[in-house]
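Peer 1: Can you read through this structure? Questions will come right after.
The values are calculated or read from the model by the stated rules, or taken from the named source; none is laboratory data. The structure displayed is predicted, hence computed values, not measured ones. Because the Cβ atoms are built from the backbone with ideal geometry, glycine has one as well, and the counts that use them run over all protein chains shown.
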Amino acid sequence: MNQKINIAIYGAAGRMGQVLLQATQLNPRTQVSAAFEYATHPHLGQDAGVTVGLPPLNVPLSTNFAEDFEVLIDFTRPVPSLVALDFCVKHRKGLVIGTTGFTPEEKARIDAAAQQIPIVMAANFSVGVNVLRKLVFQAAQTLGESFDIEIVEAHHRHKVDAPSGTALALGEAAAAGVARHLRDVAIYGREGHTGARDPQTIGFATVRGGDVVGDHTVMFMADGERVELTHKASSRLTFANGAVRAAAWLQGRAAGWYDMQAVLGL
Ligand code: NAD
């Protein structure tokens, strides 16, 4: 009883990987048992903890998936993420996916895999953003058709996908609140002579620069007033703690696709 859950981190030396190693050790229910990186990573074979400036974890940074874990947490890129997915399906392991930027076809592969293994996937693992999603849905539902909805997000200069997965998830929550589908109404940028704003649309604006961990604001704008709902992440540890919590929640679950709302019981 009370045995810790063995967690593997994929992308262990990345920005998120570093805090995931930390968060897994901080959570009383979990421990790091494997740390994976790409085939030519310069620190392969070294202790994963030491590599990222933590005390030794006695877990080497490795490129070969081994089965010495129960749940894998993946924060990499879509292509390696799908390699991890195949491995987890083959060996019946739980999977937490934090990677963003998947195409619809790649997402469909994840959905299919969720018929065989339990998967938690979220564009944002912070508790605050998941509460914000609910608030955005409620605000859209209550304010309704007469408010224009726009979403502004800012991230650090290294982020490779836009708009952020979180901005898209907030857009979906807002669209659901006014009974629209985001794919039908999203405007991902404006330039030149755009004409007047179509009231059905939901607009996105992206800011990139510096070391911004992640800011999101959903604006509901009408004549004479404006409601703005904002979340600002100041530490990646908030995402890592949520992902590790999801991994612990996942252990022993039936196959299925779960989001962070399910993990938090929202
Ligand atoms: P990063 O570039 O710092 O780290 C990515 C890691 O993946 C690196 O360690 C890199 O070596 C590894 N990697 C890249 N290509 C690989 C390959 N082909 N095979 C194996 N490993 C490979 O990026 P990051 O800031 O840590 O973000 C990683 C992902 O997590 C991004 O998709 C980002 O959008 C997402 N993210 C999600 C959340 C969330 O809450 N869901 C929060 C932050 C970041």
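Peer 1: Taking the stated definitions as given, is GLY189 among the small types (Gly, Ala, Ser), more than 13 Å from the ligand (Cβ to nearest atom), assigned to a loop (DSSP other than H, G, I, E, B) and over 29 Å from GLY144 (Cβ atoms)?
Peer 2: Against the criterion (among the small types (Gly, Ala, Ser), more than 13 Å from the ligand (Cβ to nearest atom), assigned to a loop (DSSP other than H, G, I, E, B) and over 29 Å from GLY144 (Cβ atoms)), GLY189 does not qualify.
Peer 1: Testing TYR10 on (1) away from the ligand (no atom under 15 Å from the Cβ); (2) touching an Asp or Glu at 6+ places or on another chain (Cβ under 6 Å); (3) touching a residue at least 40 places away in the same chain (Cβ under 8 Å); (4) not hydrophobic (A, V, I, L, M, F, W, C), one condition comes back false. Which one is that?
Peer 2: In the conditions (1) away from the ligand (no atom under 15 Å from the Cβ); (2) touching an Asp or Glu at 6+ places or on another chain (Cβ under 6 Å); (3) touching a residue at least 40 places away in the same chain (Cβ under 8 Å); (4) not hydrophobic (A, V, I, L, M, F, W, C), TYR10 misses (1) alone.
Peer 1: Just the residues that are surrounded by 12 or more Cβ atoms within 10 Å (Cβ to Cβ) and assigned to a loop (DSSP other than H, G, I, E, B), please, taken from the range 199-209.
Peer 2: GLN200, THR201
Peer 1: Looking at ARG109, is it within 18 Å of GLY256 (Cα to Cα) and assigned to a loop (DSSP other than H, G, I, E, B)?
Peer 2: Against the criterion (within 18 Å of GLY256 (Cα to Cα) and assigned to a loop (DSSP other than H, G, I, E, B)), ARG109 does not qualify.
Peer 1: For the range 164-182, which positions are out of contact with any helix residue (DSSP H, G or I) (no Cβ under 8 Å at 6 or more places or on another chain) and under 25 Å from SER126 (Cβ atoms)?
Peer 2: SER164, GLY165, ALA167
Peer 1: Right, next: If the Cβ limit is 8 Å and pairs must be 6+ apart or interchain, which residue in the range 108-124 that is within 13 Å of ASP74 (Cα to Cα) pairs with which residue that is among the aliphatic types (A, V, I, L, M) and more than 16 Å from the ligand (Cβ to nearest atom)?
Peer 2: Every condition considered, the pairs that remain are ILE119/ALA113.
Peer 1: I've got another one for you. If the Cβ limit is 7 Å and pairs must be 6+ apart or interchain, which residue in the range 29-49 that is within 20 Å of GLU67 (Cβ to Cβ) pairs with which residue that is assigned to a loop (DSSP other than H, G, I, E, B) and among the charged types (D, E, K, R)?
Peer 2: THR30/LYS4; GLN31/LYS4; SER33/ASP68; ALA34/ASP68; LEU44/GLU37
Peer 1: Continuing with the same structure: Can you go through VAL263, VAL212 and tell me which one is in contact with a strand residue (DSSP E or B) (Cβ under 9 Å, 6 or more places away or on another chain) and either within 11 Å of the ligand (Cβ to nearest atom) or assigned to a helix (DSSP H, G or I) (or both)?
Peer 2: The unique qualifying residue is VAL263.
Peer 1: Now a separate question. If I filter the range 218-255 down to residues being in a strand (DSSP E or B) and under 17 Å from the mean Cα position of the chain (by Cα), which single residue comes out as farthest from HIS156 (Cα to Cα)?
Peer 2: HIS231
Peer 1: Quick check on LEU143: is it among the aliphatic types (A, V, I, L, M), closer than 27 Å to ALA248 by Cβ and surrounded by 13 or more Cβ atoms within 10 Å (Cβ to Cβ)?
Peer 2: No, not satisfied.
Peer 1: In addition: Quick one: in the range 150-164, of everything that is of a type in the set (D, E, K, R) and more than 8 Å from the ligand (Cβ to nearest atom), which residue is nearest to the chain's Cα centre (by Cα)?
Peer 2: GLU153
Peer 1: Would you call LYS159 surrounded by fewer than 21 Cβ atoms within 10 Å (Cβ to Cβ) and in contact with a Leu (Cβ under 8 Å, 6 or more places away or on another chain)?
Peer 2: no
Peer 1: Sticking with this one: For a quick check of your reading of the model, give me the residue pairs whose first member lies in the range 216-227 and is within 11 Å of PHE147 (Cβ to Cβ) and aromatic (Phe, Trp, Tyr), whose second is at pLDDT 95 or above and in a strand (DSSP E or B), with beta-carbon atoms closer than 9 Å and at least 6 apart or on different chains.
Peer 2: PHE220/ASP148; PHE220/ILE149; PHE220/GLU150; PHE220/ARG226; PHE220/VAL227; PHE220/GLU228; PHE220/LEU229
Peer 1: Right, here's the next one. Does any residue in the range 54-76 that is closer than 18 Å to HIS91 by Cα and in contact (Cβ under 8 Å) with a residue 12 or more places away in the chain come within less than 7 Å, Cβ to Cβ, of a residue that is in a loop (DSSP other than H, G, I, E, B) and of a type in the set (S, T, N, Q) six or more places away or on a different chain, and which pairs are these?
Peer 2: Hits for this filter: GLU70/GLN251; VAL71/GLN251; ASP74/THR99.
Peer 1: Among the residues of the range 129-149, how many are more than 23 Å from the chain's Cα centre (by Cα), of a type in the set (S, T, N, Q) and at pLDDT 95 or above?
Peer 2: Total meeting the criteria: 2.
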